[in-house]
Amino acid sequence: MSTDPFVVVGADAAGLSAASKFRRAAPDREVIVFEKGQWISYAYCGMPYFIEGRVDQLSKLLSLSPEEADERGIDLRRGHEVTGVDPKAGTVSIEADGKTFDQPYSDLLIATGGRATTGPFDVREVDGAFTLHNMDAAAAIDAYIADPEEYDFGRVDDTPVDRERVARNADLAAPETAAIVGGGYVGVEMAEALRGRGLDVHLFQRSEHVLSPFGEAVGQRVETELAEQGVTVHTNTPVDALVGNDRIEAVAFEGRELAVDLALVGVGIRPNTELLAETGVDLGADGAIRVDDYGRTTLPDMYAAGDCATATHTVTGEEAWFPLGLTANRGGRAIGSTVAGELTPVGEIAGTAVVKAFDQECGRVGIVDEAEATDAGFEPVSTTITAGSRSGYYPGAADTDVTLVADRETGRLLGGSIVGPDRAAVRIDTLSTALEAGMTVAEVERLDLAYAPPFSPVWDPILVAAKVLNGRLE
Ligand SMILES: Cc1cc2nc3c(=O)[nH]c(=O)nc-3n(C[C@H](O)[C@H](O)[C@H](O)COP(=O)(O)OP(=O)(O)OC[C@H]3O[C@@H](n4cnc5c(N)ncnc54)[C@H](O)[C@@H]3O)c2cc1C
């Protein structure tokens with residue numbers, strides 16, 4: 001066995017999960033984690049709640065500190081960008097402090113994540129225009145929203161934040177009107193955050209409904225909720241341009257302009273794979289690094305996990321790409337075990353996702369879109385029901401919409417979605433488990449789900465939906 005270290009590129013969810021697990025499983029072996037930035041082990045998922053003000057300090061979104069990584073025996077090198085990989089030599093090239101050097105590896109994990117795409121918009125050039133895909137951006141947006149004389153620098157204490165960028169944004173006059181370009185989950189979460197900070201918010205979605213991967217029932221309910229909460233929702237409305245020279249002035253769409261002084265572009269992300277451009281490694285779904293069931297790439301001793309890697313879809317068994325937090329943590333941890341000597345699968349992915357839209361909780365899993373199910377070779381049948389979240393007489397009971405999609409021939413559950421104000425989101429985990437088990441709708445209907453008036457009606461909304469869909473299948 002090579003005595004060279006296990007080298008990890010990227011020090012967030014996937015990279016540090018792998019390094020931590022590896023050190024626990026193989027305490028005598030060396031692991032080096034190269035991170036190009038200064039931030040490590042941060043929760044992107046918490047950024048909208050920091051901006052909203054629900055989380056008072058950015059440091060609360062940080063998990064493992066550099067000191068704790070050191071205590072775990074992880075050789076963490078911040079400010080070290082990996083600029084190339086030579087798989088034949090088994091080395092990576094690194095740039096740090098203006099110098100370049102090569103580092104041999106025994107095994108290599110690429111955990112470089114993804115980056116925000118900006119479509120046709122040049123977000124960097126204009127003050128007041130942002131994407132939200134790093135902690136410095138979250139801090140900058142938060143500072144920009146505050147009145148210059150009221151911004152509290154204590155919100156970013158104990159972090160390696162770009163203080164110059166924060167200070168520059170804090171100095172600018174506070175915005176009053178915001179345009180969010182993109183009605184995905186980041187756009188919806190940010191609509192709530194910006195409303196919470198008192199802005200007049202316009203949300204633009206190019207397709208028919210917001211949260212399109214969650215399906216129509218969820219999109220419609222969320223659009224109503226957004227409107228009730230004072231967000232102006234523009235569906236079927238692609239934004240053509242951000243307008244402004246030094247500072248954002250307007251967004252252009254449908255031949256007209258809306259004056260805004262904040263624009264947030266949330267139109268998607270792309271996997272970071274450029275590092276491997278010369279290596280000949282296979283790329284797969286959505287340009288992510290193709291991996292097998294153990295996170296192994298098509299090159300020897302090279303693994304990939306997290307937002308930069310593909311995964312296997314639970315329902316179709318095909319390659320898929322879902323850049324989500326658990327996938328990154330779980331994949332990294334499994335690869336840490338495998339590299340330490342215990343072959344461990346990274347697990348499949350059903351695309352389970354939840355999002356809060358003001359008072360509505362939304363969840364989705366598997367295949368929700370019938371056209372996608374047809375493309376995958378199924379004959380989809382679906383139903384959407386509305387049922388109570390608790391016994392009708394118990395305070396807090398609320399309408400919950402459940403959509404289930406199944407295959408007509410086999411009766412197999414393919415996916416579903418849920419939306420409602422009363423603990424709807426967590427119910428999606430029942431469907432996720434059913435998908436993992438390959439259950440039919442009839443089997444879901446017979447599940448022994450818990451009942452007591454404060455928690456659920458006798459027939460949980462999932463069971464009601466399964467009963468109705470099963471009737472249609474029969
Ligand atoms: C606003 C927002 C909200 C989100 N909310 C949720 C949610 O609610 N639920 C959920 O499941 N997921 C959510 N996500 C997604 C989740 O945050 C990601 O799936 C997760 O962070 C992926 O972890 P990762 O380790 O693969 O990549 P990343 O977190 O992107 O980390 C990659 C690291 O690699 C470093 N790196 C890149 N290239 C190099 C290089 N060449 N050399 C050295 N270092 C390099 C980067 O600097 C970075 O630190 C959200 C994301 C965003 C942006």
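The values are calculated or read from the model by the stated rules, or taken from the named source; none is laboratory data. Predicted model only: the values in this text are computed from it and were never measured. Because the Cβ atoms are built from the backbone with ideal geometry, glycine has one as well, and the counts that use them run over all protein chains shown.
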**Gly438 being surrounded by fewer than 18 Cβ atoms within 10 Å (Cβ to Cβ) and either in a loop (DSSP other than H, G, I, E, B) or at pLDDT 95 or above (or both)** = yes
**Complete:** For Ala26, the lone unmet condition from (1) closer than 22 Å to Gly325 by Cβ; (2) in contact (Cβ under 8 Å) with a residue 60 or more places away in the chain is (1)
**Complete:** Looking across the range 348-366 at residues that are closer than 21 Å to Met439 by Cα and within 13 Å of the ligand (Cβ to nearest atom), the single one that is nearest to the chain's Cα centre (by Cα) is Ala353
**Prompt:** What number of residues within the range 296-328 satisfy the criterion of being among the polar types (S, T, N, Q), over 16 Å from Val92 (Cβ atoms), more than 9 Å from the ligand (Cβ to nearest atom) and touching a strand residue (DSSP E or B) at 6+ places or on another chain (Cβ under 8 Å)?
**Reply:** 3
**Item:** Answer from Leu264, Leu276 - the residue that is touching a helix residue (DSSP H, G or I) at 6+ places or on another chain (Cβ under 6 Å) and either at pLDDT 95 or above or over 30 Å from Asp401 (Cβ atoms) (or both)
**Value:** Leu264
**Message:** On the basis of being crowded, with 21+ Cβ neighbours inside 10 Å and over 27 Å from the mean Cα position of the chain (by Cα), does Tyr105 make the cut?
**Reply:** yes
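Report whether or not Ile335 is within 12 Å of the ligand (Cβ to nearest atom) and in contact with a His (Cβ under 9 Å, 6 or more places away or on another chain).
So Ile335 does not fit the description; no.
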**Request:** Select from the range 17-50 the residues that are among the small types (Gly, Ala, Ser) and within 21 Å of Ser337 (Cα to Cα) and write down the one among them that is farthest from the ligand (Cβ to nearest atom).
**Result:** Ala26
**Asked** Within the range 48-64, is there a residue that is small (Gly, Ala, Ser), out of contact with any Asp or Glu (no Cβ under 9 Å at 6 or more places or on another chain) and within 25 Å of Gly325 (Cβ to Cβ)?
**Response** yes
**Prompt:** Among all residue pairs at least 6 apart or on different chains, which show Cβ distances below 6 Å where the first residue, located in the range 321-335, is without any contact (Cβ under 8 Å) to a residue 60 or more places away in the chain and the second is charged (D, E, K, R)?
**Reply:** Trp321/Asp286
**Request:** Would you check which residues across the range 135-183 are in a loop (DSSP other than H, G, I, E, B), under 22 Å from Val243 (Cα atoms), within 16 Å of the ligand (Cβ to nearest atom) and in contact (Cβ under 8 Å) with a residue 60 or more places away in the chain and list them?
**Result:** Gly182
**Message:** Would you confirm, using the coordinates I've provided, whether Thr112 is modelled with pLDDT under 95, under 22 Å from Asn272 (Cα atoms) and within 16 Å of the ligand (Cβ to nearest atom)?
**Reply:** no
**Prompt:** Restricting attention to the range 248-280, which residues are within 13 Å of the ligand (Cβ to nearest atom), free of Cβ contacts under 8 Å to residues at least 24 places away in the same chain and charged (D, E, K, R)?
**Reply:** Glu274
**Message:** Checking the structure you have, find out if any residue of the range 53-61 is in contact with a His (Cβ under 7 Å, 6 or more places away or on another chain), within 15 Å of the ligand (Cβ to nearest atom) and closer than 17 Å to Val161 by Cα.
**Reply:** no
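Would you confirm whether any residue within the range 216-230 is in a helix (DSSP H, G or I), within 16 Å of the ligand (Cβ to nearest atom), touching a residue at least 12 places away in the same chain (Cβ under 8 Å) and closer than 26 Å to Leu324 by Cβ?
yes
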**Item:** Unmet requirement for Glu67, which otherwise passes all of (1) more than 9 Å from the ligand (Cβ to nearest atom); (2) under 30 Å from Gly187 (Cβ atoms)
**Value:** (2)
